[in-house]
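Engineer: Here's a structure for you.
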Amino acid sequence: MNENDKPQDPAVEDELKGVPEEFLSDDDCEAAGGDALSEALENLRGDLETAKQEVLYAKAETQNVRRRAEKDVADARNYAATGFARDILSVYDNLSRAVDAIPAASREDDPMKGLITGIEATLRELEKVFGQNGVKRIAALNMPLDPNQHQAMMEIPSADHEPGTVVQEMQSGWMIKDRLLRPAMVGVSKKPD
């Protein structure tokens, strides 16, 4: 557009400020006058709105990706020890069985006393390390059966307990933070025959 083709209306001039000349072809202006300018402006406004929407969607997607990545990092930090903790539970089970299997007479025997004290201290230290890493034992005995934490291995007739109450724990269950590491293997009461 040359100087003579510019519109005289100040409102139209304000609308056209900053619009590149290539969007306002001389042919369109001459053929349709102000209508071509209005149409070009409407097209530009539409393109601008579309671009704004695309930028908003891209920002939202970026924020979602960032949140997912932060959650993945937090989960990795919180549950990194899951495999190791699951493997070391068998060591805990064996130490517990060893302590439980010691006869009372051997506990008082001087030659065995040091060994027994060492095993018990090792077991306490293992429990302390579990606690420091968010690994905790699931309560089972005298609790109602919770299929999310307990695995019922057998039913035991009992008149002393409500049906569905855990009356025997064969293997302890464990959680790491809020996730199940290993369910407790239990015996559950039922009505006597």
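Engineer: Residues in region 154-176 that are surrounded by 14 or more Cβ atoms within 10 Å (Cβ to Cβ) and either within 30 Å of F84 (Cβ to Cβ) or in the same structural domain as S90 (by TED's automatic domain parsing) (or both): how many?
Structural biologist: Qualifying residue count, region 154-176: 9.
Engineer: Check region 36-55 and report whether any residue there is in a helix (DSSP H, G or I), at pLDDT below 60 and among the hydrophobic types (A, V, I, L, M, F, W, C).
Structural biologist: So far as region 36-55 goes, no, none of its residues is in a helix (DSSP H, G or I), at pLDDT below 60 and among the hydrophobic types (A, V, I, L, M, F, W, C).
Engineer: To continue, here is another question. Assess whether T50 counts as being free of Cβ contacts under 8 Å to residues at least 24 places away in the same chain, among the β-branched types (V, I, T) and surrounded by 10 or more Cβ atoms within 10 Å (Cβ to Cβ). Let's see the steps before the verdict.
Structural biologist: On the way: free of Cβ contacts under 8 Å to residues at least 24 places away in the same chain: yes; among the β-branched types (V, I, T): yes; surrounded by 10 or more Cβ atoms within 10 Å (Cβ to Cβ): yes.
The answer is yes for T50.
Engineer: Is it the case that E61 is under 21 Å from the mean Cα position of the chain (by Cα) and part of a helix (DSSP H, G or I)?
Structural biologist: It is true that E61 is under 21 Å from the mean Cα position of the chain (by Cα) and part of a helix (DSSP H, G or I).
Engineer: I'm trying to understand the selection: among the residues of region 74-93, which are among the basic types (K, R) and either within 17 Å of L180 (Cβ to Cβ) or outside any helix (DSSP H, G or I) (or both)?
Structural biologist: Selection gives R86 alone.
Engineer: Return only the number of the condition from (1) modelled with pLDDT under 80; (2) surrounded by 10 or more Cβ atoms within 10 Å (Cβ to Cβ) that P20 does not satisfy.
Structural biologist: Just one mismatch for P20, condition (2).
Engineer: Is it the case that region 165-172 has a residue that's within 26 Å of the chain's Cα centre (by Cα) and closer than 30 Å to A76 by Cα?
Structural biologist: Step one: list which residues in region 165-172 are within 26 Å of the chain's Cα centre (by Cα), which gives 172.
Remaining after also requiring closer than 30 Å to A76 by Cα: 172.
Yes, region 165-172 has at least one match.
Engineer: Same structure again: Of all residues in region 140-181, how many are part of a strand (DSSP E or B) and among the charged types (D, E, K, R)?
Structural biologist: Residues in region 140-181 being part of a strand (DSSP E or B) and among the charged types (D, E, K, R): 3 in total.
Engineer: Hey, does region 106-114 have a residue that's touching a helix residue (DSSP H, G or I) at 6+ places or on another chain (Cβ under 6 Å), of a type in the set (S, T, N, Q), outside the structural domain of L181 (by TED's automatic domain parsing) and farther than 30 Å from L181 by Cα?
Structural biologist: yes
The values are calculated or read from the model by the stated rules, or taken from the named source; none is laboratory data. The model shown is predicted, which means the values in this text are computed figures rather than measured ones. All Cβ positions, even for glycine, are placed from backbone atoms using ideal geometry, and neighbour counts span all protein chains on display.
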